[in-house]
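As C-alpha cells, the structure follows; a few thoughts come after it.
The values are calculated or read from the model by the stated rules, or taken from the named source; none is laboratory data. If you're wondering where the values come from, they're calculated on a predicted model, not measured in any experiment. Cβ placement follows ideal geometry from the backbone for every residue including glycine, while neighbour counts extend to all protein chains displayed.
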Amino acid sequence: MNELSLNHNSCIMLNNYPDVLSLEQMCEILHICTKTGSRLIKEKKILSLRIGRTYRIPKVHILAYLQNVSH
C-alpha cells in the first residue's frame, strides 16, 4: 500500500471521529482491544496525552502510527 492511499483511506476512516480521541475510540478505529491499545500507548508506539486517569489521542498520532506500521 502506498503512502498516498494510506493517508486518503485513513482520513476517510477518521472523518466521523473528533480530532482528539479516547482510548476506546482509538481501539474501535484500529479494531483492537483496549488492553492492546493501552500497551501501544505505554510503549509509546502511539503518542497520547494523559489527562487525569484517562488518555486522549490526537488523530495525527494514529495516522503516524499507521504510516509507521505500513513501512
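Would you confirm, using the coordinates I've provided, whether Ile46 is under 18 Å from Ser70 (Cα atoms), surrounded by fewer than 17 Cβ atoms within 10 Å (Cβ to Cβ), at pLDDT 95 or above and in contact with a helix residue (DSSP H, G or I) (Cβ under 9 Å, 6 or more places away or on another chain)?
Values: under 18 Å from Ser70 (Cα atoms): yes; surrounded by fewer than 17 Cβ atoms within 10 Å (Cβ to Cβ): no; at pLDDT 95 or above: yes; in contact with a helix residue (DSSP H, G or I) (Cβ under 9 Å, 6 or more places away or on another chain): yes.
Here the answer is no, as Ile46 does not meet what is asked.
Sort out which residues of the range 2-27 are at pLDDT below 95 and either in contact with a Leu (Cβ under 8 Å, 6 or more places away or on another chain) or not in a loop (DSSP other than H, G, I, E, B) (or both), and write them in order of number.
Of everything in the range 2-27, those that are at pLDDT below 95 and either in contact with a Leu (Cβ under 8 Å, 6 or more places away or on another chain) or not in a loop (DSSP other than H, G, I, E, B) (or both) turn out to be Glu3, Leu4, Ser5, Leu6, Asn7, His8, Asn9, Ser10, Cys11, Ile12, Met13, Leu14.
Among the residues of the range 24-40, write down those that are on the phi < 0 side of the Ramachandran plot and surrounded by fewer than 18 Cβ atoms within 10 Å (Cβ to Cβ). Break it down into steps so the answer makes sense when it comes.
Looking only at the range 24-40, we keep the residues that are on the phi < 0 side of the Ramachandran plot, and these are 24-30, 32-40.
Those that are on the phi < 0 side of the Ramachandran plot and surrounded by fewer than 18 Cβ atoms within 10 Å (Cβ to Cβ): Glu24, Glu28, Leu30, Ile32, Cys33, Thr34, Lys35, Thr36, Ser38, Arg39.
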